[in-house]
Amino acid sequence: MSHTDPDVGRRAPTVPMAEVLRSQARLRALVESDAVFVWTTDADGRVDDMPGWRRLTGQTRDEVRGDGWLAAIHPDDRPATLLAWDTARQRRGTYRTEYRLRLADGTYRWYQARGVPLPGTDGAIYEWAGTLHDVHARRQVEAERDALVQGLERQRAEAEAHLLAASELAAQLQGQAAEAEHQMAEMQAMAEELEATNQQLAAAHAAAEAALEDEARLVETLHRIGVSLTSETELSRIVQAATDEATTLTGAQFGAFFYNVLNDAGESYMLYTLSGVPREAFEGFPMPRNTAVFSPTFHGEGVVRSGDILKDPRYGHTAPYHGMPRGHLPVRSYLAVPVVGHTGEVLGGLFFGHAEPDMFTERAERLAVGIAGWASVSIENARLHDAERRARAAAERAAERGQRLLEVAGRMARALSPAQVAEVAVEHGMRAIGADAGAMALLDPAGAEFTMMGTRGYPEPSASRFYRFPVTLGAPMSDAVLHKRPVLVRDTAEWRERFPRTADAAAETGYEGYATVPIVADGRALGALGFSFRAGQTFDPGVDVFLETLAGHCASALERARLYEAERDARDEAEQANRAKSQFLASMSHELRTPLNAIGGYVELIELGLRGPTTPQQMTDLDRIKRAQQHLLGLINDVLNFARLEAGKIAFNLADVPLSEVLDEVEALIEPQAADRGILYGRGEGGAGVRVRADREKLEQVLLNLLSNAVKFTGPGGQVRMDSAQVGGQVRIRVRDTGCGIPPEKLDAVFEPFVQVDPDLTRTRQGTGLGLAISRELARAMGGDLTVESTLDEGSTFTVHLPAADPGAEAAPA
């Protein structure tokens, strides 16, 4: 009985050729469709934005910023990706890794990331840049290849097992030898087929490796170009280098880069650079217009690549040329790439041409796109550098002008006439804005005519010709005051356009640019400042602000000069009136004192009986006459003393005076007066050992005047008290009474000359209203003051403040 293995004779499964073909097709797709986009980070590897990443993943800019982009990577691949990124940053070396990326539709796809650090001229890294490649197809091919190889290996193992089983059973299965041989033949054929498949896979793998190497060379080329471009800060050199590199790498016969620039005034205009042909080949043609061919590039809508632009449906529909102008270089192959900034602004466009059709490949397009990306980064860096330069220059100009305005303010404060104001304003204004000539003119009171207050730099006879001219002349200065705003004229052509009546006269001066600003105070134009430049001007934004500030200083200085002249005239008049008053008072006092002294002398002669005997009634009358004469003489002396005080003709003999001695003397004089009026007089204990720095005679006069007023304005039964104290370096002497007091609204007026708080009240007590005024002036002249506190119907307190004597000095003799 024979035994037959049921597996013997079963054929091993063969690999379907369709799978092999599909694998080869996917590998070809990988090689042909791998795409690239450039990404950048800051020097520390922090991401601000990756527009290409956001388009792939659907993340927002805020989600991508920092390390947020890692959230779009498959969780299983995230640790290895982060490790590779951190290692590259720490070693300052090349970053390369592969991971699955979650796309915007939620599916995952394999990508390869590469990046390098970009060092500056000082060796420090200023940013990282790299690319992202789609390797999903390669990954799938490799996975399928590995699965296929594993399947074939399993089939080979199974075949070898079958062969071994067949050999062992050969003796028993002689009848099946033919079948075994047939199976061996089939297995041999299958092995040959497997070998062929392996060769195909090896060829496909080699092709993939070649494609990757080519891609690496492309990346390295773009990296080299990027490093070169980003290390440059001069815009013209950046665009020329980008154009030259892109023209060479794309195989174009000629290339051009049209781009927008800003001048110092912030105005935008278009420039271009060429490569492959002389500039003369394009100078005769207009700039590219918004035609159907150029529009996608200048609007940033995408790349335009045409194998034959003459057959392109977008070509030839726009007047006036309906295509290329006559004499234009022949173009068949056409490639245009927009250069777009990180904010979406279209910075310009790269354009390439060739006389033969179908010259630009997909690889050429990718190279041009990569260079455009680096050009975008470099142009924005150059713009930032240029903006920084302009900002620094503006800051320096502002600082210099600010310093100039400080100097102007200082000198204006000392300017006492319009001519001096003009000299300062013209001199500093010319220096601050770089003018070659300047002038200041003022309007007459009617505002109809200018008169020059000062000029500098204008030749004769122009300076004399415009010394005085009407506001209606038709010139920048006239326009400035009529509209109350600065007027800036860039050159004589603009002058002729805006002010044709005076254009010829302006041309005769030899100046091109002109700037003027009105001088305005309280809404009224006082005049204007004007400055001229030998060369045409593009005025920076700060000129008008500086000129308006300078004009404001002029307005203030002119007002101060006017007030100074008015104050000087008023002071002269007041001094003249004061001198006349002092002369009158002195003359009047002299004329009155002479007869009063004679009256007093004759009264004394009669009292002595030298004119014969007198009756008691006559003696009473003589006493009254004598008191009246002494009162009048006291009033006249007050007036004379006040006049001498105002004129500064009273001399002071300051010394360290023992205060108690002064208080004793005035007390001896005032106490009898108080007793006669039924007033209780008292004195505090202060003053012992205290010395005061004062003129003894003047201090006694002040205290006696205060005590006399206190007795005068206190009724019978009232009280008058004097006390003193030293507080620090000050000595205070107070005179208090319980009299009628002073209304609060009249406290400030009691020290004014000839002022009587209540004329009806003082009329019964007699006086000129000069006593307190003289007392305060005497106190202040001795380095002190006189103050008052009062409550109506309760009394007043007058306080004399004087400096205490030096503790180390000796007392003045009594």
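The values are calculated or read from the model by the stated rules, or taken from the named source; none is laboratory data. No experiment lies behind these values; they were computed from the predicted model shown. FYI the Cβ positions are ideal-geometry reconstructions off the backbone, even for glycines, and counts take in every protein chain you see. Just so you know, the surface numbers come from the protein's heavy atoms only, side chains and all, with ligands and any DNA or RNA stripped out. Shrake-Rupley method; radii C 1.70, N 1.55, O 1.52, S 1.80 Å.
What number of residues within segment 110-131 satisfy the criterion of being aliphatic (A, V, I, L, M) and touching a helix residue (DSSP H, G or I) at 6+ places or on another chain (Cβ under 7 Å)?
3
May I ask you to list the residues in segment 467-505 that are open to solvent by 80 Å² or more (accessible area, probe 1.4 Å), not in a loop (DSSP other than H, G, I, E, B) and not aliphatic (A, V, I, L, M)?
Correct list: 468, 472, 483, 496, 497, 498, 500, 501, 504.
Evaluate segment 393-403: report whether one residue or more is farther than 30 Å from residue 55 by Cβ, open to solvent by less than 40 Å² (accessible area, probe 1.4 Å) and of a type in the set (S, T, N, Q).
no
Quick one: what pairs do we get from segment 598-622, first residue closer than 22 Å to residue 632 by Cβ, second among the polar types (S, T, N, Q) and open to solvent by less than 70 Å² (accessible area, probe 1.4 Å), C-beta under 6 Å, 6+ apart or different chains?
Once the first residue is closer than 22 Å to residue 632 by Cβ and sits in segment 598-622, its partners that are among the polar types (S, T, N, Q) and open to solvent by less than 70 Å² (accessible area, probe 1.4 Å) give 599/629; 600/629.
Please go through segment 448-466 and pick out each residue that is surrounded by fewer than 13 Cβ atoms within 10 Å (Cβ to Cβ) and part of a loop (DSSP other than H, G, I, E, B).
Hits for segment 448-466 are 448, 459, 460, 461.
Return the total of residues in segment 695-744 being aliphatic (A, V, I, L, M) and touching a Pro at 6+ places or on another chain (Cβ under 8 Å).
1
Any residue in segment 544-566 that is part of a helix (DSSP H, G or I) sitting within a Cβ distance under 9 Å of a residue that is hydroxyl-bearing (Ser, Thr, Tyr) and open to solvent by less than 50 Å² (accessible area, probe 1.4 Å)? List the pairs, counting only those 6 or more apart or interchain.
547/516; 561/417; 564/417; 565/417
Could you tell me which residue of segment 84-129 is most open to solvent (accessible area, probe 1.4 Å), considering only residues that are of a type in the set (Gly, Ala, Ser) and within 19 Å of residue 59 (Cβ to Cβ)?
The residue in question is 104.
Could you check, for segment 105-123, whether at least one of its residues is basic (Lys, Arg) and modelled with pLDDT of 90 or more?
Within segment 105-123, one or more residues are basic (Lys, Arg) and modelled with pLDDT of 90 or more.
Applying the selection to segment 410-447, what residues are over 18 Å from residue 555 (Cβ atoms) and either buried (at least 21 other Cβ atoms within 10 Å of the Cβ) or under 30 Å from the mean Cα position of the chain (by Cα) (or both)?
Once the filter is applied, which keeps residues that are over 18 Å from residue 555 (Cβ atoms) and either buried (at least 21 other Cβ atoms within 10 Å of the Cβ) or under 30 Å from the mean Cα position of the chain (by Cα) (or both), segment 410-447 yields 430, 431, 433, 434, 435, 436, 437.
Restricting segment 341-351 to residues that are surrounded by 18 or more Cβ atoms within 10 Å (Cβ to Cβ) and among the hydrophobic types (A, V, I, L, M, F, W, C), which is nearest to residue 254 (Cα to Cα)?
351
For segment 218-231, state whether one or more residues are at pLDDT 80 or above, within 29 Å of residue 355 (Cβ to Cβ) and part of a helix (DSSP H, G or I).
No, there is no match, as no residue in segment 218-231 is at pLDDT 80 or above, within 29 Å of residue 355 (Cβ to Cβ) and part of a helix (DSSP H, G or I).
Would you pick out the residues in segment 484-503 that are under 19 Å from residue 450 (Cα atoms), modelled with pLDDT of 90 or more and not charged (D, E, K, R)?
Passing the criteria: 486, 487, 499.
Which ones in segment 237-259 are open to solvent by 30 Å² or more (accessible area, probe 1.4 Å) and either touching a His at 6+ places or on another chain (Cβ under 8 Å) or not in a helix (DSSP H, G or I) (or both)?
251, 253 - these are the residues of segment 237-259 that are open to solvent by 30 Å² or more (accessible area, probe 1.4 Å) and either touching a His at 6+ places or on another chain (Cβ under 8 Å) or not in a helix (DSSP H, G or I) (or both).
Might you check whether a residue that is surrounded by fewer than 24 Cβ atoms within 10 Å (Cβ to Cβ) and either β-branched (Val, Ile, Thr) or in a helix (DSSP H, G or I) (or both) occurs anywhere in segment 513-521?
yes
Can you name the residue in segment 288-331 that is in contact with a Lys or Arg (Cβ under 9 Å, 6 or more places away or on another chain) and assigned to a loop (DSSP other than H, G, I, E, B) and is also surrounded by the most Cβ atoms within 10 Å (Cβ to Cβ) among such residues?
Within segment 288-331, the match that is surrounded by the most Cβ atoms within 10 Å (Cβ to Cβ) is 293.
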